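Each remark here refers to the structure printed beneath this line.
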Amino acid sequence: MSADATAEEVIHAVAVIATKRGGHELSDAQIAWMVDGYTRGEVAPEQMSALLMAICLRGMNRREIATWTQAMIDSGRRLDLSGLRRDGKPLTTVDKHSTGGVGDKITLPLTPLVASFGVAVPQLSGRGLGHTGGTLDKLESIRGWRAELTTEEMFARLEEVGAVICAAGADLAPADRKLYALRDVTGTVESIPLLASSIMSKKIAEGTAALVLDVKTGSGAFLPNEDDARELASTMVELGLDAGVDTRALITDMSVPLGRAVGNAVEVAESLEVLAGGGPADVVELTLALAREMLDAAGLTDADPAEHLANGRAMDVWRAMISAQGGDPDAPLPVARLRDDLTADTDGVVTEVDARAVGDAAWQAGGGRSKPGESVAAEAGVIVHVRPGDRVRAGQPLFTLHTQDEHRIPGARACLRRAVRIEPGTEAPDAVDSDTGASATRPLIIDRVRFTR
Ligand code: URA
């Protein structure tokens, strides 16, 4: 089947699947027909599953990915944020998207921080699935806070406060909603074309003028290998630019959890530390790096985001943002009924704190869900006390598990046991992981992907 099949061709799902299974290009018409048919319930889930697996194994070229992304955008509504105004002046919009990781709470301090410079930040976020956390689950630890807003409410919050974090409406890329649910149960999440089109269809449909992507690499990321992360980043940046969105990306390390807190309420608490001018160095570094990219994309090249963490302006916007969505920024966060320390067996130096295993532990503790719609425990999570390179003594706490349910402790402890490696001696050898490219000395911010057109 050629890539330039005409609109008159008669398309059959089985023929489309066989084309990709054979390693051939799909035509634009075939892609549009399959995505539309599946969204409307006319292509069966087993047929779409087969096509997704063929795409996972055979890949798609840039034209196919662009067409697939467009078909997902066309399945719903594309928002227009160009009419947003404050004091009669147009508002610039900039969003950020992370490909997902462990302890990745950056959206929480970043959104109000960037908005504190007068930029509108429309953060349409998701819920956690598997070992990665979800921004909406974290924010729902705050008493009264509401994730579901109408489009009109979202526009109003952007004009009044400048910052909004909410669930994407059902009419925004509905094809992605159905496809993502299917990918999740068919082992087809980890595919560069499918990841890129899923993320970018939602971001383009959301209507933001500019977008900064945080593409994770390392054990806690969807694509652990650094070369794959680079390919995902450049694919998404090109998709964004082609759609008229000023898009750039940072490639960042996710072999170690970000910060000390992994879970829901515990991550909100750590984000508040950052907004108060403190917090773990890695969370602050990444928040500031992404804020600088976003402000640069908004044309504010001289803005210094560190100033607004130090002088409380970012915290003021946080409080306004939480209150505007029904939350009480002064309410105490929920705390776990049970705490359990995992301690070092021997003296030595920590050579590994594996992000994936810590994410699994937080999930086992009750912080995550195994299928869409399940509830999560706001109190559950893990506090990480050590980082690679730290010297420890036998008996010293490495992690503290937070949970509501003692039955969850053994499974979560088993994950934490395999998360940490302690070797004799006083210095961490800088071994490079041959699968992912990670090492103890790899910087947090590995690279920046920006194309000029
Ligand atoms: N996030 C998305 O929006 N889509 C994916 O496929 C994976 C993570």
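The values are calculated or read from the model by the stated rules, or taken from the named source; none is laboratory data. Keep in mind that what you see is a predicted model, and the values were worked out from it rather than measured. All Cβ positions, even for glycine, are placed from backbone atoms using ideal geometry, and neighbour counts span all protein chains on display.
If you scan region 97-123, which residues turn out to be under 19 Å from MET154 (Cβ atoms) and within 16 Å of the ligand (Cβ to nearest atom)?
Correct list: HIS97, THR107, PRO122, GLN123.
Of all residues in region 128-139 being touching a strand residue (DSSP E or B) at 6+ places or on another chain (Cβ under 8 Å) and part of a loop (DSSP other than H, G, I, E, B), which is nearest to the ligand (Cβ to nearest atom)?
The extreme case among them is GLY134.
Looking at (1) outside any helix (DSSP H, G or I); (2) surrounded by fewer than 24 Cβ atoms within 10 Å (Cβ to Cβ); (3) touching a strand residue (DSSP E or B) at 6+ places or on another chain (Cβ under 8 Å), which is the only condition MET154 fails?
(1) is the only condition that MET154 fails.
In region 142-163, how many residues are without any contact (Cβ under 8 Å) to a residue 24 or more places away in the chain and closer than 13 Å to PRO122 by Cβ?
Final tally of qualifying residues: 2.
Determine, yes or no, whether MET200 is surrounded by 24 or more Cβ atoms within 10 Å (Cβ to Cβ), closer than 29 Å to THR400 by Cα and touching a Gly at 6+ places or on another chain (Cβ under 8 Å).
On the way: surrounded by 24 or more Cβ atoms within 10 Å (Cβ to Cβ): yes; closer than 29 Å to THR400 by Cα: no; touching a Gly at 6+ places or on another chain (Cβ under 8 Å): yes.
Criteria not met by MET200.
Identify, by number, the condition in (1) assigned to a loop (DSSP other than H, G, I, E, B); (2) surrounded by 22 or more Cβ atoms within 10 Å (Cβ to Cβ); (3) within 10 Å of the ligand (Cβ to nearest atom) that VAL189 doesn't meet.
Just one mismatch for VAL189, condition (2).
Go over the candidates ASP171, ASP184 one by one and state the one that is surrounded by fewer than 19 Cβ atoms within 10 Å (Cβ to Cβ), out of contact with any helix residue (DSSP H, G or I) (no Cβ under 6 Å at 6 or more places or on another chain) and not in a helix (DSSP H, G or I). Reasoning before the result, please.
Details: ASP184 fails: not in a helix (DSSP H, G or I).
Of the residues listed, the single one that is surrounded by fewer than 19 Cβ atoms within 10 Å (Cβ to Cβ), out of contact with any helix residue (DSSP H, G or I) (no Cβ under 6 Å at 6 or more places or on another chain) and not in a helix (DSSP H, G or I) is ASP171.
From the list ALA331, ALA336, ALA362, exactly one residue is in contact (Cβ under 8 Å) with a residue 60 or more places away in the chain and closer than 28 Å to THR436 by Cα. Which is it? Break it down stepwise before answering.
Numbers: ALA331 fails: closer than 28 Å to THR436 by Cα; ALA336 fails: closer than 28 Å to THR436 by Cα.
Result of the check over ALA331, ALA336, ALA362: ALA362.
Output the residues belonging to region 171-186 that are within 9 Å of the ligand (Cβ to nearest atom) and either within 15 Å of the chain's Cα centre (by Cα) or of a type in the set (Ser, Thr, Tyr) (or both).
Within region 171-186, just TYR180 meets the criteria.
Could you tell me whether THR235 is of a type outside the set (A, V, I, L, M, F, W, C) and not in a loop (DSSP other than H, G, I, E, B)?
Working: of a type outside the set (A, V, I, L, M, F, W, C): yes; not in a loop (DSSP other than H, G, I, E, B): yes.
Yes: the conditions hold for THR235.
Which of the residues that make up region 42-77 are surrounded by 14 or more Cβ atoms within 10 Å (Cβ to Cβ) and part of a loop (DSSP other than H, G, I, E, B)? Full working, then the answer.
Kept after step one, since they are surrounded by 14 or more Cβ atoms within 10 Å (Cβ to Cβ), are these residues of region 42-77: 43, 45, 47-56, 58-60, 62-77.
Of everything in region 42-77, those that are surrounded by 14 or more Cβ atoms within 10 Å (Cβ to Cβ) and part of a loop (DSSP other than H, G, I, E, B) turn out to be VAL43, GLY59, MET60, SER75, GLY76, ARG77.
Quick one: which of VAL245, VAL215 is more than 16 Å from the chain's Cα centre (by Cα) and closer than 28 Å to LEU91 by Cα?
Working: VAL215 fails: more than 16 Å from the chain's Cα centre (by Cα).
Matching residue, one of VAL245, VAL215: VAL245.
I'd like to know if region 94-104 contains one or more residues that are over 24 Å from the mean Cα position of the chain (by Cα) and in a loop (DSSP other than H, G, I, E, B).
Looking only at region 94-104, we keep the residues that are over 24 Å from the mean Cα position of the chain (by Cα), and these are none.
Taking every residue of region 94-104 in turn, none turns out to be over 24 Å from the mean Cα position of the chain (by Cα) and in a loop (DSSP other than H, G, I, E, B).
Of all residues in region 105-127 being part of a loop (DSSP other than H, G, I, E, B) and of a type in the set (Gly, Ala, Ser), which is surrounded by the fewest Cβ atoms within 10 Å (Cβ to Cβ)? Walk me through it before giving the result.
Filtering region 105-127 for residues part of a loop (DSSP other than H, G, I, E, B) gives 105-106, 116-119, 126-127.
The next check asks that each one be of a type in the set (Gly, Ala, Ser); those that pass are 116, 118, 126.
Details: SER116: 26, GLY118: 15, GLY126: 17.
Filtering first and then ranking leaves GLY118.
Is it the case that region 90-99 has a residue that's without any contact (Cβ under 8 Å) to a residue 40 or more places away in the chain and farther than 21 Å from LEU213 by Cα? Lay out the reasoning, then the answer.
Taking region 90-99 and keeping what is without any contact (Cβ under 8 Å) to a residue 40 or more places away in the chain, we get 90.
Still in the list and also farther than 21 Å from LEU213 by Cα: 90.
Taking every residue of region 90-99 in turn, at least one turns out to be without any contact (Cβ under 8 Å) to a residue 40 or more places away in the chain and farther than 21 Å from LEU213 by Cα.
Do we have LEU195 as assigned to a helix (DSSP H, G or I), closer than 25 Å to GLY41 by Cα, near the ligand (Cβ under 9 Å from one of its atoms) and not small (Gly, Ala, Ser) here? Working first, answer last.
Values: assigned to a helix (DSSP H, G or I): yes; closer than 25 Å to GLY41 by Cα: yes; near the ligand (Cβ under 9 Å from one of its atoms): yes; not small (Gly, Ala, Ser): yes.
Here the answer is yes, as LEU195 does meet what is asked.
Residue check: is SER370 among the polar types (S, T, N, Q), at pLDDT below 95 and within 21 Å of the chain's Cα centre (by Cα)? Write out each step before concluding.
Details: among the polar types (S, T, N, Q): yes; at pLDDT below 95: yes; within 21 Å of the chain's Cα centre (by Cα): yes.
The answer is yes for SER370.
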